[in-house]
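The values are calculated or read from the model by the stated rules, or taken from the named source; none is laboratory data. In this text the structure is predicted, and so the values were computed from the model without any measurement. For neighbour counting, all protein chains shown are included, and Cβ atoms are generated from backbone atoms with ideal geometry for every residue, glycine included. What goes into the accessible areas is simple: the full protein's heavy atoms, side chains included, and nothing from ligands, DNA or RNA. Shrake-Rupley method; radii C 1.70, N 1.55, O 1.52, S 1.80 Å.
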Protein chains: 2
Amino acid sequence: MRAEFVNPFLASLINVLKTMATMDIQPQKPRLKKDEIARGDVSGLIGMVGKQTRGSMSITFEENLALEIMNKMLGERPNGLNEEVTDMVGEITNMVTGGAKRILAEGGFDFDMATPVVVSGRGHTIRHKCEGSIIIMPFTSEWGNAFIEICFE
Amino acid sequence: MRAEFVNPFLASLINVLKTMATMDIQPQKPRLKKDEIARGDVSGLIGMVGKQTRGSMSITFEENLALEIMNKMLGERPNGLNEEVTDMVGEITNMVTGGAKRILAEGGFDFDMATPVVVSGRGHTIRHKCEGSIIIMPFTSEWGNAFIEICFE
């Protein structure tokens, strides 16, 4: 797992939230995930397959942050994690991975994306079952936290 | 989403549980997932990417069934959904998808698998964000229920 894989995902999430929801979130220091477990309420997950590697990526949001993204995008705040929210999380997952894919492809690192899956459930945790190191990128905001996790074999 | 995609996954899960845990589970009728939502406590998810298609697969277990699989495999029942259980669910996810992949490849339908991701959280739900139809395959057992969901674009 090379460090240059981190920034394309980190920059893509910041960019997607700024563009879609005029929202600023603050990246914290990315780190290797060892015993640490990110906990959240709604997560988008996507598989990646390339000639050189394969892996997985997840974006986990606390519920209040996900609802505030909807509010800023649509001018209306949903009551809970309904299908509109999970559609939005799936779309963000696609956009962040697609953005990172384009940047990484310029460096000669190619992969194809599977379709995203969105998990809802209060305080769920995610474990990437991948031979490589797992990198966790925490983000904070006034509405709650988010985490990206990536792992490439 | 062609119906011949269903049986390879269904047969692989039955076969994996019989082989690994000498456990019989009963498949119920597969159906198109529309408004229905499968709920469970631990799920393995995997992305699939091929020349003809891409998609995602999930296997969701109720906690008691997952713990009983561990009990039958190892002779000891864990207290809860610890990392040994999520490793086992990730392994089952790999084996079921690998088994289905081999059967489908014989019919000329090829895909590569991403690495699996395992989600833990009581009563979580999963939504496959994929353009194709989602097929849900319920399984029952005396220890609890399981569900496979697949979607190919």
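The rotation axis taking chain B to chain A passes closest to the C-beta of one chain B residue; that residue and the distance in whole Å read B:Gly47, 1.
Please go through the residue pairs A:Lys72/B:Lys33; A:Lys18/A:Lys51; A:Lys51/A:Lys129 and name each one whose alpha carbons sit more than 25 Å apart in this structure.
Exceeds cut-off: A:Lys72/B:Lys33; A:Lys18/A:Lys51.
Just want to confirm a number: the relative contact order over the stretch B:83-153, from Cα pairs under 8 angstrom separated by 6+ residues, in percent. After rounding, I find 24 percent. Helix B:6-21 versus the longest principal axis of chain B: what angle, 0 to 90°, nearest 10, using Cα atoms? Around 30 degrees separate the two axes.
Considering only protein heavy atoms, with the full assembly of protein chains and a 1.4 angstrom probe, order A:Met57, B:Met73 by accessible area, largest first.
I get B:Met73, A:Met57, largest accessible area first.
Its Cα centre serving as origin, chain A has a Cβ charge dipole (Lys and Arg +1, Asp and Glu -1) of approximately 480 debye.
For the stretch A:28-106, the relative contact order comes to 26 percent (Cα pairs under 8 Å, sequence separation of at least 6). Label-point spacing at A:Lys34 relative to the other copies reads 5.2 nm, in ascending order, each point sitting 7 Å out from Cα along Cα→Cβ. Counting only protein chain heavy atoms and rolling a 1.4 Å probe, the accessible areas of A:Arg54, B:Arg31 rank, largest first, as B:Arg31, A:Arg54. When chain A is treated as a Gaussian network with alpha carbon springs shorter than 10 Å, the biggest mean-square fluctuation among A:Ser141, A:Ser43, A:Ser120 belongs to A:Ser141.
If r is the Cβ-Cβ distance from B:Asn71 to B:Arg122 and R0 is 22 Å, what FRET efficiency results, to the nearest 0.05?
E(calc), rounded to 0.05, equals 0.65.
Along the axis of the charge dipole computed for chain B (Cβ charges of +1 for Lys and Arg, -1 for Asp and Glu, origin at the Cα centre), the listed residues B:Thr115, B:Phe5, B:Thr60 are led at the positive end by B:Phe5.
Each copy carries a label point for B:Ala105 at 7 Å from Cα along the beta-carbon vector; from one copy to the others these points are 2.6 nm apart, nearest first. Using C-alpha pairs under 8 Å with a sequence gap of at least 6, the mean separation divided by the residue count of chain B gives a relative contact order of 38 percent. Shown here: the protein assembly as shown, whose C-alpha atoms stretch 52, 39, 36 Å along the first, second and third principal axes, sorted largest to smallest.
Sorted from closest to farthest, the other copies place their A:Glu91 label points 4.1 nm away, with each point set 7 Å from Cα along Cα→Cβ.
Remark: accessible area buried at the B-A interface is about 2500 Å², both chains counted, probe radius 1.4 Å. Pairs of C-alpha atoms in the stretch A:12-66 farther apart than 17 Å represent 55 percent of all such pairs. Modelled spin-label separation between A:Asn82 and B:Asn64, with each label point placed 7 Å from Cα along the Cα-to-Cβ direction: 3.4 nm. Using a probe of 1.4 angstrom and keeping all protein chains present, the accessible surface of the stretch B:13-61 works out to 47 square angstrom per residue. Listed by chain and number, the aspartates and glutamates placed with their C-alpha closer than 20 angstrom to that of B:Lys29 are B:Glu4, B:Glu62, B:Glu142, B:Glu149; residues fewer than eight positions away on the same chain are left out.
For the peptides B:144-151, B:101-108, B:84-91, residues were scored by their other Cβ atoms within 10 Å and the scores averaged per peptide; the highest-first order is B:144-151, B:84-91, B:101-108.
Per residue, the stretch A:84-153 exposes 34 Å² of solvent-accessible protein surface, assessed with a 1.4 angstrom probe and all protein chains in place. Rounded to the nearest 500, the 222 nm mean residue ellipticity of chain B from helices alone is -11500 deg cm²/dmol, with -39,500 (n - 2.57) taken per DSSP H run of at least 4 residues.
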